[in-house]
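Data first, discussion second: the structure below is written as structure tokens.
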Amino acid sequence: MKPKLLTLKKNFSVVKVVKWFMKFLRAATFVRLNYKYEKNPGTSQRVIIAKNKYEYLDDVDVQQKLLDYSDARLSTITFFIPLMHCASCLWLLENLSRLNPATQNSRVNFLSKKLSISFSTNEITLRHVAELSPLLVMSL
């Protein structure tokens, strides 16, 4: 059995296809150039944060309200991070354990812009967890 060849209509021409494809590319380029995810994505790493700005995270009552789970050894908290917008933000947040081994696990939900961090309560405080990344500090 012979393979069926694609039969083209009489009004088909390569020129029409090329013109259509060029219009498509121009439109796609226009959309890409005018695409704005947020007005000011990201945050400057040069921002100086006051040392006592997050002292309230050392308060036990505040911790009980913010923490998802806590026991004598392990605590878990979920942050909403509206400034997260790219793969490098995601990589940084998922690798917080490289910055401080006391943060045992960090998992990002990019679509909902949430970060869940599990950390050792004996080794690091909630305040220090929040100060690990400028993205976290800006979200509190």
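Any read-out appearing in this document is the output of simple, stated calculations on the displayed coordinates, not a laboratory observation. Small disclaimer: the values here were computed from a predicted structure and weren't measured.
In this structure, the amide hydrogen of residue 121, modeled 1.01 Å from its nitrogen in the peptide plane, lies closer than 5 angstrom to those of 74, 75, counting only residues at least 5 positions away or on a different chain. A straight Cα-to-Cα reach below 19 Å connects residue 114 with the aspartates and glutamates 38, 68, 94, 131, residues fewer than 8 places away in its own chain not being considered. The ratio of the alpha-carbon radius of gyration of region 55-139 to the globular-protein estimate 2.2 N^0.38 Å is 1.01.
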